[in-house]
Amino acid sequence: MPGLFQGLEIGKRALLSSQVVLQTIGHNVANVNTPGYSRQRVNINTTYPEMSAHGPIGSGVSVRDVRQVRDLFLGSQYRRENKSLGQWSYKEKVMGQVEALFNEPSDNTLSDQLNDFWNSWSALATDNTGASRKALITSAVQLTNGFHQLAGELQTLRDSIDRDMVNITESVNGKAREVARLNKMISMQEAGGDRANDLRDARDLLVDEMSEFVDINTVEDERGNMIVYVGAMTIVDGPDSLPIEARSENKSGVLTHKLVWEGSSVEITNLNGQLKGLVDARDEVIPRYLNELHTLSNTIAREVNAMHRTGYGVNDSTGVDFFETDNTDAFNISVNRDLLADSNLVAAAVASGSPADNRLAVAISELQDKKVFFGNSSTMSDYYNSMVSNLGVESNEAMSFSANYELLVNQVNNSKMAVEGVSIDEEMANMVKFQHAYDAAARVITTMDQALDTIISGMGVVGR
């Protein structure tokens, strides 16, 4: 029945409960700047009362458990928006690199080389001499080198992006293995009814980081294991992880990688995050600009060759192509090697036996104003300018979406931290409150001890 010894027990329980709360507050304060940490709260309950002749009498307090404070909805929303941020931030990075390769407007760009090429034909029309012919050949070589350089740099960028797939895949697999390891540790620690709060924080942080790279969804089973899905397939199932693989393949003579589940031929098509931005940049953005460069170089070679073959050089040579007919795309467009050896083969005349005739040079210089693209509505210069303009629009779009999603992720994270983060002011207020409770509990024990001492030492034979 209730008595002084029960009073000592009440004081002890209060003392130990306040001690646990103060220790948890200290843990929160220590981790105020720890990434992924969620503040912890001690849940305390009154213990069952004891029956007495006067009815139930309270028996004190006990700690029920220590739990992390989490908002599952905000956590899910954060990962969902983080996927989109990863996708657009990667695309923004790639578009910035493509813009740097074109480097428009600037000096010695492909547009400058195009203008120099057409101007050289105009110069030949006004000065039909050997010096002008050599200057034309030089400007043509510079133009072809410009195509080679830009196309080669775009291809190098595409290969670099492809290698990023291997690196990102390894990073995702590493995080998946760590999540599986934490699942095992959490199950073991919580088997006895405890809560593995710090391990859960570490696991949630890893999943948040994974969401930046790939399309993931999560559920938690009854044993506390987090199951992580990529699309409809599981990459983490309890203590096991199922790796993904960036498998190399030869695609039209180009080495590339595709995402599959390791040990199978099942391709991962439900992408999001940085991997989505990577695949879009590698398979759509870079090839599109390369194809447009190929179209431009092929058109220049075709139009110039068609007119040049009809004209006559200094020695009445005719039927000569200005560009090599078998090498006209942006990677290999080149000036006819015969013209490189003998600039007199450059045709400027319309008629045979007319060295002073420059009408063909005039006609070829006017090709820059000939409308040959988009249903004969745009010139070759317009086509290139349109390409650069579209690049600017696409880059600005990626930059805008990336900034918007970054703002949205920050807003969700701020809301998440308002619920889960550590507030120093709140922790200090709780510390003062439970410090007083601890002092009061100690005073209860002291008072009960003094009362017991009075009974033992001050009553009966000893007290007389």
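Condition check ((1) free of Cβ contacts under 8 Å to residues at least 24 places away in the same chain; (2) surrounded by 14 or more Cβ atoms within 10 Å (Cβ to Cβ); (3) over 32 Å from the mean Cα position of the chain (by Cα)) across all residues:
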{"residue": "Ser386", "(1), (2), (3)": "yes, yes, no"}
{"residue": "Val393", "(1), (2), (3)": "yes, no, no"}
{"residue": "Phe401", "(1), (2), (3)": "no, yes, no"}
{"residue": "Gln411", "(1), (2), (3)": "yes, no, no"}
{"residue": "Glu427", "(1), (2), (3)": "no, yes, yes"}
{"residue": "Ile456", "(1), (2), (3)": "yes, no, yes"}
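Test of understanding: among Thr144, Thr129, which residue is free of Cβ contacts under 8 Å to residues at least 60 places away in the same chain and not assigned by TED's automatic domain parsing to the domain that holds Pro243?
Selected residue: Thr129, the only one of Thr144, Thr129 that is free of Cβ contacts under 8 Å to residues at least 60 places away in the same chain and not assigned by TED's automatic domain parsing to the domain that holds Pro243.
For Gln97, only one of the following conditions fails: (1) over 18 Å from the mean Cα position of the chain (by Cα); (2) more than 30 Å from Asp204 (Cβ to Cβ). What is its number?
Failing condition for Gln97: (1).
Working only within the range 250-266, note down all residues that are at pLDDT 85 or above and of a type in the set (D, E, K, R).
Once the filter is applied, which keeps residues that are at pLDDT 85 or above and of a type in the set (D, E, K, R), the range 250-266 yields Lys258, Glu262.
Since Val388 meets every condition but one in (1) in contact with a helix residue (DSSP H, G or I) (Cβ under 9 Å, 6 or more places away or on another chain); (2) within 24 Å of Asp208 (Cβ to Cβ), which condition does it not meet?
(2)
I'd like to check which strands (runs of 3 or more DSSP E) are fully inside the range 165-239 and have at least 3 residues that are aromatic (Phe, Trp, Tyr) and touching a residue at least 12 places away in the same chain (Cβ under 8 Å). If you could, list the steps in order and put the result at the bottom.
Numbers: elements: 216-220, 226-230, 233-237.
The strands (runs of 3 or more DSSP E) meeting that bar number zero.
Sort through Asp215, Asp208 and tell me the only one that's under 17 Å from Arg70 (Cβ atoms) and in the same structural domain as Tyr405 (by TED's automatic domain parsing). Before the answer, list the steps.
On the way: Asp215 fails: under 17 Å from Arg70 (Cβ atoms).
Going through Asp215, Asp208 in turn, the sole match is Asp208.
Hey, can you tell me all the residues within the range 58-103 that are hydrophobic (A, V, I, L, M, F, W, C) and surrounded by fewer than 14 Cβ atoms within 10 Å (Cβ to Cβ)?
Those that are hydrophobic (A, V, I, L, M, F, W, C) and surrounded by fewer than 14 Cβ atoms within 10 Å (Cβ to Cβ): Leu72, Phe73, Ala100.
Of all residues in the range 155-194, how many are touching a Pro at 6+ places or on another chain (Cβ under 9 Å) and closer than 30 Å to Ala330 by Cβ?
1
In the range 35-53, what residues are in a loop (DSSP other than H, G, I, E, B), hydroxyl-bearing (Ser, Thr, Tyr) and either touching a Phe, Trp or Tyr at 6+ places or on another chain (Cβ under 6 Å) or free of Cβ contacts under 8 Å to residues at least 60 places away in the same chain (or both)?
Across the range 35-53, the qualifying residues are Thr47, Tyr48, Ser52.
Checking Val304 against (1) part of a loop (DSSP other than H, G, I, E, B); (2) surrounded by 15 or more Cβ atoms within 10 Å (Cβ to Cβ); (3) more than 42 Å from the chain's Cα centre (by Cα), which test does it fail?
(1) is the only condition that Val304 fails.
I'm trying to understand the selection: among the residues of the range 1-59, which are closer than 30 Å to Leu205 by Cβ, touching a Lys or Arg at 6+ places or on another chain (Cβ under 8 Å) and β-branched (Val, Ile, Thr)?
Thr24, Ile44 - these are the residues of the range 1-59 that are closer than 30 Å to Leu205 by Cβ, touching a Lys or Arg at 6+ places or on another chain (Cβ under 8 Å) and β-branched (Val, Ile, Thr).
When the residues of the range 312-353 are filtered to those that are hydroxyl-bearing (Ser, Thr, Tyr) and touching a Ser or Thr at 6+ places or on another chain (Cβ under 8 Å), which remaining residue is surrounded by the fewest Cβ atoms within 10 Å (Cβ to Cβ)? Please lay out each step first, then the result.
Within the range 312-353, the subset hydroxyl-bearing (Ser, Thr, Tyr) is 312, 317-318, 325, 328, 334, 343, 352.
Checking the rest, the ones that are also touching a Ser or Thr at 6+ places or on another chain (Cβ under 8 Å) come to 312, 318, 328, 334, 352.
Working: Tyr312: 22, Thr318: 15, Thr328: 22, Ser334: 18, Ser352: 11.
By that ranking, first place goes to Ser352.
What tally of residues in the range 24-57 results from selecting those that are surrounded by 12 or more Cβ atoms within 10 Å (Cβ to Cβ) and closer than 23 Å to Asn430 by Cβ? So that I can check it myself, show each step before the final result.
Just the residues of the range 24-57 that are surrounded by 12 or more Cβ atoms within 10 Å (Cβ to Cβ), to begin with: 24-29, 31-32, 34, 36-42, 44, 47, 49-50, 52, 57.
Still in the list and also closer than 23 Å to Asn430 by Cβ: 24-29, 31-32, 34, 36-42, 44, 47.
Summing the residues that are surrounded by 12 or more Cβ atoms within 10 Å (Cβ to Cβ) and closer than 23 Å to Asn430 by Cβ in the range 24-57 gives 18.
Return yes or no: is Ser402 in a helix (DSSP H, G or I), farther than 30 Å from Gln19 by Cβ and out of contact with any Asp or Glu (no Cβ under 7 Å at 6 or more places or on another chain)?
For Ser402, the condition - in a helix (DSSP H, G or I), farther than 30 Å from Gln19 by Cβ and out of contact with any Asp or Glu (no Cβ under 7 Å at 6 or more places or on another chain) - is not met.
The values are calculated or read from the model by the stated rules, or taken from the named source; none is laboratory data. These numbers were taken from a predicted model, which means no experiment stands behind them. With ideal geometry, Cβ positions are generated from the backbone for all residues, glycine too; neighbour counts draw on all protein chains shown.
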